[in-house]
Amino acid sequence: MRVDTEAVSVVIDGVPLPLDPGLTTWLLYKPAGVVTTMDDPQNRPTVRTLVPSDPVTKPVGRLDLNSEGLLLMTNDGDLANAVTHPRFGVPKTYQVLVPAPVSDDSIRAMIE
């Protein structure tokens, strides 16, 4: 959804967000089979093709080729840094579906 920052204000919990009309952020559902990169030397489909080309936005983080899920695409470097840098402690949740039950020993090994 595009927001016209001159006509609409965005408010979260009663607090208006300061919006810069030069910044763009997309919340993209990346399908499996698409690489989280702007250019792929193997000519696989990239996330670049899933969002408008103007302005240029870049992925924040990454999902593997066969993974699917939500991904931010933005031209806001401060936002990208705030989401990805460990010092900000932004929690991330991943859900994994596997084709067979996973043993308790395997789960313990992944946690350790």
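The values are calculated or read from the model by the stated rules, or taken from the named source; none is laboratory data. Note that the structure is a prediction, hence the values are computed from the model and not measured. For neighbour counting, all protein chains shown are included, and Cβ atoms are generated from backbone atoms with ideal geometry for every residue, glycine included. The area values use the complete protein model at the heavy-atom level, side chains included, leaving out ligands, DNA and RNA. Shrake-Rupley method; radii C 1.70, N 1.55, O 1.52, S 1.80 Å.
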inquiry  = Can you tell me which condition MET110 does not meet? The list is (1) exposed (fewer than 10 other Cβ atoms within 10 Å of the Cβ); (2) at pLDDT below 90; (3) assigned to a loop (DSSP other than H, G, I, E, B), and all the others hold.
reply    = (3)
key: Scope segment 1-11; condition touching a residue at least 12 places away in the same chain (Cβ under 8 Å) and open to solvent by less than 70 Å² (accessible area, probe 1.4 Å); matching residues   = VAL3, THR5
inquiry  = I want to confirm something. Restricting to segment 67-94 and keeping residues that are loosely packed, with under 13 Cβ neighbours inside 10 Å and under 17 Å from MET38 (Cα atoms), which single residue is nearest to the chain's Cα centre (by Cα)?
reply    = LEU70
key: Of residues in segment 80-91 being of a type in the set (Gly, Ala, Ser) and not in a loop (DSSP other than H, G, I, E, B), the one farthest from ASP20 (Cα to Cα)   = ALA82
Count - residues of segment 33-58 that are touching a residue at least 12 places away in the same chain (Cβ under 8 Å), open to solvent by 80 Å² or more (accessible area, probe 1.4 Å) and on the phi > 0 side of the Ramachandran plot = 0
query = Which residues, counting only those in segment 12-32, are surrounded by 10 or more Cβ atoms within 10 Å (Cβ to Cβ) and among the small types (Gly, Ala, Ser)?
reply = ALA32
